[in-house]
Every structure is written in structure tokens, then in C-alpha cells.
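A short worksheet on the structure shown next.
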Amino acid sequence: MATIQLGIIMNGVTGRMGTNQHLIRSIMAIRQQGGVQLSNGDVIMPDPILVGRQEHKLRALAETHGLERWSTNLDECLADPHNRIYFDSQTTVMRSESIKKAIAAGKHIYTEKPTAESLSDALELVKLAREAGVKNGVVQDKLFLPGLIKLKRLIDSGFFGRILSVRMEFGYWVFEGDWQPGQRPSWNYRKEDGGGIIVDMFAHWRYVLDNLFGSVKSVSCLGVTHIPDRIDEQGKRYDCTADDAAYATFLLEGDIVAQVNSSWAVRVDREDLLTIQVDGTEGSAVAGLRNCRSQHRVNTPKPVWNPDIPNPFAFREQWEQVPDNQLFDNGFKIQWELFLKHIVTDSPFPWDLLEGAKGTQLSELGLASWQERRWIDIPELTV
């Protein structure tokens, strides 16, 4: 049995997602479990080097987790042959150029999304990676959430019959920063800094819709900036130049209609921050991040509309829980393990830079639909 050490450059890991989901709950969790076990008995052991611009944050993060490797010099890290993988969780405006450097250095690429600020830049990354012959992957974490895994189980079983529609509600209230500090960085609300909920969330909705229900064929989108100004991290008021809510309709393969509301200006009155209702000819289901409830055709009750009496129905009690039937690990960690196996054993990993570019494409066309107030078809991407 051999231990395969994989040096991983983790750029931008001092940010919220980089620290919590990618470093602590993925890479450190993999190290603590003894690595990724392969079928031949070998073990992949990730060896991260933390990279960023602020030395004090990197040093503190490394010391907290018992890591010795950290650097503020990306070029030196890229020049080290021990580091075979480059991971990027920086802000979107900085991501593309760093990935290009890593590709030029011959590193395999794993990155957060959006992969670039524009579709043309995202497709350039695909082209460069193919020409360099480096493996690549994009984080598509929601596919590995327990609720969506259960939903996929229902879809694959034929539970729904012909799927008719999908309704997705996502979001929560992000504090404006005056009474309480905002729980999202202020750049999210400045278009010039890569902010906006369409750019952020459509990258997710593309892979969720494509992988669960069918390819997205067209989009109609309305974006809104509900909160016109906020207070930043330094206590200064700033103008919000990016959208904080999006109300979209997508037409999917098979004429499935998907209605998707995304908002950072909505108070939660549902079972989870994300809920997905799927209705089909034979049954329906509602999935959240961890749970999924179903209602089959033979168990569908008969509600009666009578506005003259109090509602006698407890509708949510009329659904059945889809059981776990398995242990669910952290979704980010699951995909990290699959990518590490892909690098070492060449096992399949379909979530590549081209899949990431599809998310950027949908964001661009969603923004165009909003600006032009019309439906827009989604062309097939070619490189």
C-alpha cells in the first residue's frame, strides 16, 4: 500500500467558503480520515499550501489547522513541481487570470464558480486547459446535497412519471449593515466588483437543472435591486449597483417549465433556504438541502376550496419523508474526493471547465433577458 502525496495550491482560502467548506470540511477532513482510499489499497493524501495576499491571515489559518505550508507568492507555488493541483476560491474578478497562470504552469485545475467574469473568458479557460492537457473540474456542490440526492433517486426510479414543472425558491434576508452587520461581503452588491445574485446563483441553477431534469433551452429573467444602499465592512454607506433578486423562468428539455426565484431580500417562510418542488403526472416531491418529501398519485388527497371556513387541511402532513437509506458526507468533500481520484486514477469527472462555462453562459443570457425584456434561447456551447 502506497501513500500518494498530492500538493494542492489553495488560493483565496482565507475567505468564508474557502476556509469553511474547502479547507476545514473538505481537505482537512480528508487528511483527518487518513486520505482517500483507492481500490488497490493505495491512499491519496492531499498536501495543501495556503495562498493569499494577507500574510497574517494565512499564518493564523495555517497554525490553527497544524499546517506548515503557506505563501503570499503564487508564482513560487506554481513553480514547485510538488504542487500538482491549483484550486481557486478567490473573488470572481481575480479568478480567470490566476487559472491561466496555473494552466501555463501545467497544474491541474479545480475551481469555484463562476469560472470567469464573461463567457468568452470562461471558454478561453476551457481551450487553454485542453491545449495544455491538464485535468480540470468546477465545484458543483449542490448535486451532492442529501436532499438533492434523494430527489435524484426519485427521478431515476421513474417516480414522477412525466415531469411537468419545477419550482425553486432560494434566499434569505441579508442584513443591510445598519442595525446588524451584513452576513455577506459587500462586493456581492457591487456590479463593478463582480457582484449580483444572477451571476452568483445562475451558475448553480444551470448545473442543478441540467443534471437533474434536462438541459436548459431558454430563459426569461427579471432582475431587481430591492435594497438600493447598504453599509460595508468599514461602516460606510455604499450604493448597490448589482441585482439582489432574480425572478426567472427556464424552459428545459422535454418542455419542463422551471420557475426559480432567488433573493437576498426575502424572509424565510419555508422549510429550508432552498426548496425545490417537482410535479409530475405520477407524483410530486419537495426537496430541501437535506430532506425530501414525496406524494404519489395514489396518495394525493382532495383539497377543497372554501374561503368561508378556516382551512381544515394540514397540507405538509400529507407528504411522506424519503428515507436517508445511506450516510451523507459533506457535499464539497465528496466532490473533492472524486476530483482527487480523477487526478490519480483517471476515473470519470464530468464537472469540468466547460460545464462551468455553461453557468456563466446562463448568467449572461439571464442578464440580457432582463435588459431586453424578452425570452432568450440557450445555444449549445462549442470551443
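Figures for the structure shown
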read-out: Estimated dipole of the range 1-101 in Debye, rounded to 20 [Cβ of Lys and Arg +1, of Asp and Glu -1, Cα centre]; value: 340 debye
read-out: Of GLY283, GLN234, PRO185, farthest towards positive along the dipole that unit charges on Lys, Arg, Asp, Glu beta carbons give the chain; value: GLY283
read-out: Sites matching trypsin sites (Lys or Arg not before Pro) across the range 215-300 that sit in DSSP coil, with at most 15 neighbouring C-beta atoms within 10 Å; value: LYS236, ARG267, ARG270, ARG290
read-out: Helix axis angle, 119-132 relative to the chain longest principal axis, alpha carbon, degrees; value: 50 degrees
read-out: Nearest-ten-degree value, helix 55-64 long axis tilted from longest Cα axis of the chain; value: 80 degrees
read-out: FRET efficiency, 1/(1 + (r/R0)^6) with R0 51 Å, evaluated for ARG130 and ASP178 via beta carbons; value: 0.55
read-out: Net length gained if the chain between HIS65 and GLU97 were fully extended (0.36 nm per residue, minus Cα distance); value: 8.7 nm
read-out: Label-point separation in nm, ASP156 to HIS82, each point 7 Å along Cα→Cβ; value: 3.9 nm
read-out: Percent of beta bridges antiparallel (DSSP, the range 1-65, rounded to nearest 5); value: 20 percent
read-out: Residue-averaged [θ]222 nm for the chain, counting only DSSP H segments that reach four residues, each worth -39500 (n - 2.57); value: -9000 deg cm²/dmol
read-out: Inter-label distance, nm, simple model (7 Å from Cα along the C-beta direction), ALA2/LEU273; value: 4.1 nm
read-out: Efficiency of FRET from Cβ geometry, SER39 and GLN234, R₀ 51 Å, rounded to 0.05; value: 0.45
read-out: Which of VAL36, VAL224, VAL298 has the fewest Cβ neighbours within 10 Å, and the rest in rising order; value: VAL298, VAL224, VAL36
read-out: Among GLY18, PRO81, ASN40 the positive-end extreme of the charge dipole of the range 1-98 (Cβ point charges); value: GLY18
read-out: Calculated FRET efficiency for the pair GLN326/SER347, C-beta based, R₀ 22 Å, to 0.05; value: 0.65
read-out: The range 206-341: relative contact order as a whole-number percent, Cα under 8 Å and 6+ apart; value: 14 percent
read-out: Sparsely packed trypsin sites (Lys or Arg not before Pro) within the range 38-115, loop by DSSP, other Cβ within 10 Å at most 13; value: ARG53
read-out: Contact order relative to length of the range 287-383, as percent, for alpha carbon pairs under 8 angstrom and 6 or more apart; value: 20 percent
read-out: Top of LEU78, LEU50, LEU61 by mean-square fluctuation, Gaussian network on the chain, Cα under 10 Å; value: LEU61
read-out: Given charges at beta-carbon only (K, R positive; D, E negative), |dipole| of the range 279-383 in Debye; value: 300 debye
read-out: Amide H contacts of LEU274 (H built 1.01 Å from N, under 5 Å, at least 5 apart or other chain); value: LEU289
read-out: Pair VAL383, ILE309: separation of 7 Å Cα→Cβ label points (nm); value: 6.3 nm
read-out: ³J(HN,Hα) computed for each position of the range 243-251 - Karplus, 6.51 cos²θ - 1.76 cosθ + 1.60, integer Hz, glycine/proline x; value: 5, 10, 8, 9, 10, 10, 10, 10, 9
read-out: Neighbour-count ranking [beta-carbon atoms within 10 angstrom, fewest first] of THR19, THR91; value: THR91, THR19
read-out: Helix 353-372 axis, angle to the chain major axis (alpha carbon atoms, nearest 10°); value: 50 degrees
read-out: Rounded to 5, the percent of DSSP beta bridges in the chain classed as antiparallel; value: 60 percent
read-out: For the chain, built as a Gaussian network whose Cα springs stay under 10 Å, the top-fluctuating residue of ASP346, ASP243, ASP141; value: ASP346
read-out: Rounded Å value of the spacing that divides the Cα centres of the range 275-312 and the range 40-113; value: 46 Å
read-out: Candidates ILE309, ILE163, ILE231: whichever shows maximal mean-square fluctuation once the chain is modelled as a Gaussian network with Cα springs under 10 Å; value: ILE309
read-out: Neighbour-limited loop hits for GluC sites (Glu not before Pro), the range 50-87 (at most 13 other Cβ within 10 Å; DSSP other than H, G, I, E, B); value: GLU68
read-out: Inter-centroid distance (Cα atoms) of the range 208-264 relative to the range 328-367, Å; value: 21 Å
read-out: Nearest-20 debye value, the chain charge dipole, Cβ charges on Lys, Arg, Asp, Glu; value: 440 debye
read-out: Three-way shape call for the range 71-198 based on the alpha-carbon gyration tensor, with the a/c threshold at 1.5; value: oblate
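We did not get these values from a lab; they are worked out from the coordinates using the rules stated. Every value quoted in this text rests on a predicted model; they were computed, and no experiment measured them. Glycine gets a Cβ as well: all are built from the backbone with ideal geometry, and neighbour counts include every protein chain shown.
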